[in-house]
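Reviewing the structure listed below.
The values are calculated or read from the model by the stated rules, or taken from the named source; none is laboratory data. All values reported here derive from a predicted model rather than from experimental measurement. Cβ placement follows ideal geometry from the backbone for every residue including glycine, while neighbour counts extend to all protein chains displayed. All accessible areas refer to the heavy atoms of the entire protein, side chains included, with ligands and DNA or RNA removed. Shrake-Rupley method; radii C 1.70, N 1.55, O 1.52, S 1.80 Å.
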Amino acid sequence: MEKVALKDSSYQLKRAKILNIKKLTDKEKFFEIALMDRDYLDHEPGQFIMISLLGIGEVPISICSSPTRRDSFDICVRAVGKVTNKLHKLKTGDEVGIRGPYGKGFPVRILEGNDLLIIAGGLGLAPLRSLITYVLDNRRDFGKVHILFGCKEPKEILFSDEMKKWSERTDLHYACTVDRADPEWAGNVGVITTLIPGVDIEPSRTFAAVVGPPVMYNFVIKELLAKGIPERQILLSFERHMKCGNGKCGRCQIQNLYCCQDGPVFNYEKIKYLSEAF
Ligand SMILES: Cc1cc2nc3c(=O)[nH]c(=O)nc-3n(C[C@H](O)[C@H](O)[C@H](O)COP(=O)(O)OP(=O)(O)OC[C@H]3O[C@@H](n4cnc5c(N)ncnc54)[C@H](O)[C@@H]3O)c2cc1C
Ligand code: FES
């Protein structure tokens with residue numbers, strides 16, 4: 001029988017194998033995945049993939065490794081429902097289907113030469129870990145780098161081994177805070193916005209990259225503007241429910257924008273008029 005070519009190769013499902021799985025917290029697991037046939041993703045920091053499990057479903061998940069590591073890529077998955085719970089049950093060597101990468105990520109060429117203020121709330125660290133590892137792999141191309149991470153409780157901290165290494169580096173400033181401490185916690189307590197006023201930045205040459213739960217955005221933006229960071233230098237990533245991931249179904253639409261294709265990373269100056277976005 002004659003083969004029918006796919007009209008749009010961006011829908012093509014690629015076979016991939018799980019190389020490594022680690023438990024990060026009670027809810028999140030880390031997966032290292034490689035595409036079959038020595039293929040590679042070729043993504044930008046901040047982009048996402050659609051990952052599918054045969055007979056179960058397909059979900060959008062951010063790529064959390066740097067494109068500078070080409071042989072495999074990483075994702076960090078929180079178990080919340082049908083597909084993500086099933087993903088958590090998979091083992092090393094199991095196969096998954098991958099579409100993508102999709103969307104617009106962080107504009108690394110524009111960020112080069114500037115200072116960065118990276119602000120991650122909870123699972124928002126997943127897409128930002130891709131940007132952070134990219135920046136650390138190309139450290140000389142960027143100015144000062146500040147990383148702020150916040151989550152509800154110490155047991156929710158993701159990638160704690162890597163955070164420890166970031167905190168020991170002299171070429172970046174790292175700070176972490178939790179909303180509620182436990183008896184062993186000796187660090188900052190308070191929401192992530194409490195860390196922003198103390199960060200020493202030159203606003204005109206600083207780009208802020210922010211990813212976290214929707215409730216965080218209004219408060220963080222207010223602090224960044226109070227610091228004097230121009231609106232066009234504030235970059236935000238938005239998660240919306242998605243189906244095609246590719247600008248066709250309208251599921252992720254906010255007014256005239258498609259989160260999957262125009263985002264998920266947006267420049268605040270361009271989206272501040274979208275009241276539904278915040
Ligand atoms: C661009 C993008 C990047 C994402 N990156 C990650 C990531 O790196 N790691 C990760 O764990 N999750 C990520 N998500 C969220 C992830 O897609 C959802 O958790 C997943 O679709 C839930 O699927 P499920 O079948 O397991 O749950 P379902 O059974 O479909 O739903 C379980 C619960 O999750 C809610 N939910 C479903 N889809 C979404 C969604 N898109 N956003 C928020 N809540 C949702 C449902 O309303 C329901 O309350 C991302 C979402 C988007 C749009
Ligand atoms: S998910 Fe279909 S248009 Fe964005």
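Observations, loosely collected:
- Accessible area per residue for the chain, computed on protein heavy atoms with a 1.4 Å probe, is 51 Å².
- Inverse mean reciprocal Cα-Cα distance (Kirkwood Rh) of region 158-278, Å: 16.4
- Note on region 212-270: Rg/Rh from C-alpha atoms, Kirkwood Rh, equals 1.04.
- Whole-Hz couplings from phi, Karplus 6.51/-1.76/1.60, listed for region 150-156; x for Gly and Pro: x, 8, 5, 9, x, 5, 8
- Residue-by-residue Karplus 3J(HN,Hα) for region 271-276, coefficients 6.51, -1.76, 1.60, Hz, glycine and proline x: 10, 5, 6, 7, 4, 5
- Prolate/oblate/rounded label for region 38-165 (Cα gyration tensor, a/c 1.5): oblate
- Residues with amide H under 5 Å from that of Tyr174, placed H, sequence gap 5 or more: Ile147
- Excluding the site residues themselves, the longest part of the chain lacking any GluC sites (Glu not before Pro) in a DSSP loop with at most 12 other Cβ atoms within 10 Å is 3-183.
- Dipole moment magnitude, nearest 20 debye, the chain about Cα centre, only Lys, Arg, Asp, Glu C-beta charged: 700
- Helical segments meeting 15 Å axial Cα length and Kyte-Doolittle 0.5 threshold in the chain (DSSP H): 125-137, 214-227
- Solvent-free Debye scattering, log10 I(q)/I(0), computed from the Cα coordinates of region 56-118 at q = 0.25 Å⁻¹: -1.30
- Each Cα pair under 8 Å and six or more residues apart adds its sequence gap; the mean of these over the residue count of the chain is a relative contact order of 17 percent.
- Cut-off under 5 Å, modelled amide H: who pairs with Lys104 long-range: Gly263, Val265
- The fraction of all Cα pairs in the chain landing in successive 5 Å bins from 0 to the largest distance is 1, 5, 12, 16, 19, 17, 14, 9, 4, 1, 1, 0, 0, 0, given as whole percents.
- Relative contact order (%) - criterion: Cα under 8 Å, at least six apart; region: region 126-278: 16
- All C-alpha to C-alpha distances of region 156-219, sorted into 5 Å bins beginning at zero, yield P(r) values of 3, 12, 20, 27, 23, 11, 3, 1, 0 percent in whole numbers.
- Considering only the chain, percent of DSSP beta bridges that pair antiparallel, nearest 5: 55
- Ignoring lysines fewer than eight residues from Lys86 along the same chain, the ones with Cα atoms less than 22 angstrom from its Cα are Lys14, Lys17, Lys22, Lys23, Lys27, Lys29, Lys243.
- Electrostatic dipole magnitude of region 57-189 [Cβ: Lys, Arg +1; Asp, Glu -1; Cα centre; debye, to 20]: 320
- Based on every Cα atom in region 94-177, Rg and the maximum pairwise Cα distance Dmax equal 14.2, 41 Å.
- Sulfur and carbon atoms: percent of accessible area, region 149-278 [1.4 Å]: 50
- The base-10 log of I(q)/I(0) for region 13-66, evaluated at q = 0.20, 0.22, 0.31 Å⁻¹, reads -0.88, -1.06, -1.41 [Debye formula, identical scatterers on Cα atoms, solvent excluded].
- Across the alpha-carbon atoms of region 17-113, the computed radius of gyration and Dmax are 13.5, 47 angstrom.
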